[in-house]
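Asker: Quick one: structure below, then a few questions.
Just so you know, all these numbers are worked out from the coordinates, no wet-lab data involved. A quick note: this is a predicted structure, and the numbers were derived from the prediction, not measured. Positions of Cβ are backbone-derived with ideal geometry, glycine not excepted, and every protein chain shown enters the neighbour counts.
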C-alpha cells in the first residue's frame, strides 16, 4: 500500500514530541517543497524492542527480541507462540506478565515446548518475522487444521472487504507507516483488525486475539495490507483460515506454500481487481 500522509499541523515549537495514543507519537519536522519551508508536527508509528521470556517446567528460555509497535502486546505473545508451534491452544499459556517492553510467559506443564526447536540467534526486525530462526524447516513441519472447502466468497464481497480494510486502519491514517491484518467472516463482514509497524506482528496480534478467545466468530478470510510473504501465508494456514488476500504482491514461496496446502491466495486486491494464485474454487462470480 502506498503511504499518503495526512495533513500535518503547523507549529512554532521545535522541541515538541508527545505520545498522543498507544503506538503513535508526535514529532517536529521541517517540511520542504518547491514553494515552502514549514515547521510542522508529524505523527510517527512507534517502533520499539519487545523481549519474550518463557518459563517452562521451572526453566527460563529467551525468545530474544522483536521490534514492534506497542499495543495489543498480549495478543502478540499468544499469536507469536501459536504461529511458531510453541503452543497449540490458549490454555497452554498459564500466565503472561507484561512490564513495559518485556513479557514473561509461564507455560503450562503439559505444553510440549522444545527449546531446541525454537532457537533464535538474532533480533527479529519489524520487517522480518522469521529472522534468527536456525532453519525455515522448523516452520514447515508446523501445520494447522484442515482448510474448509464447503463455501465460497464472491469477488464483489472481497473487493468490498478491501475497502473496509482500508477505511478501518486508524494508525495508518495517522502515520502512513503501519501494516494491518484483518479477519473477515463467511459473508465478508469485518470481525477484527490489528495494526503494527511490522506486517508479521500485525498478523500475530490478530491470530493471538483469536487464540485468546476461540469461541468468537470464526474467520473465513484473512486480509493483509501489504504483500503476501511466505511467513504470512504460513500463519494463515497454521490458524486454518482457507482464504488469504493481500493488497500487494505475492512472493514465489508464498504461492508455492498456498498451492501445497490448498489455500486460496489472492494478491493485488484493489479497485475491483485481483489475482488468484491458488484454489480458485473458493471464489465465485469471477
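Asker: So for each of 101-110, 31-40 I average, over its residues, the number of other beta carbons within 10 Å; can you give me the resulting order with the highest mean first? Write out the running numbers ahead of the final one.
Answerer: Details: 101-110: 15.5, 31-40: 9.5.
Result, highest mean first: 101-110, 31-40.
Asker: By per-residue mean of other Cβ atoms within 10 Å, what is the highest-first order of 256-269, 221-234, 163-176, 86-99? Please list the in-between numbers first.
Answerer: Numbers: 256-269: 20.3, 221-234: 24.9, 163-176: 17.6, 86-99: 15.3.
Going by the mean number of other Cβ atoms within 10 Å, highest first, we get 221-234, 256-269, 163-176, 86-99.
Asker: Could I have the simple spin-label model distance between residue 215 and residue 166, label points 7 Å from Cα toward Cβ, reported in nm to one decimal?
Answerer: Going by the 7 Å Cα→Cβ label model, 3.8 nm.
Asker: Something else: Taking the Cα centre of each part, how many Å lie between the stretch 219-286 and the stretch 39-53?
Answerer: Measuring centre to centre over Cα atoms gives 29 Å.
Asker: Of the DSSP beta bridges with both residues in the stretch 153-284, give the percent that are antiparallel, rounding to the nearest 5.
Answerer: About 55 percent, rounded to the nearest 5.
Asker: Give the shape of the stretch 153-284 as rounded, prolate or oblate, defined through the alpha-carbon gyration tensor: a ≥ b ≥ c are the square roots of its eigenvalues, a/c under 1.5 means rounded, and otherwise the shape is prolate if a/b is larger than b/c and oblate if not. Write out the running numbers ahead of the final one.
Answerer: Values: a/c = 1.26, a/b = 1.18, b/c = 1.07.
In terms of gyration-tensor shape, rounded.
Asker: As a footprinting exposure proxy, order 52, 77 by other Cβ within 10 Å, with the fewest listed first. Walk me through the numbers before you get to the answer.
Answerer: Working: 52 23, 77 26.
By the 10 Å Cβ count, ascending: 52, 77.
Asker: Sticking with the crude label model, points 7 Å out along Cα→Cβ, report the distance from residue 30 to residue 100 in nm, one decimal please.
Answerer: Rounded to a tenth, the inter-label distance reads 3.2 nm.
Asker: Provide the gained length on full extension for the span residue 150 to residue 40, in nm with one decimal, where the gain is 0.36 nm per separating residue minus the Cα-Cα distance.
Answerer: 34.3 nm
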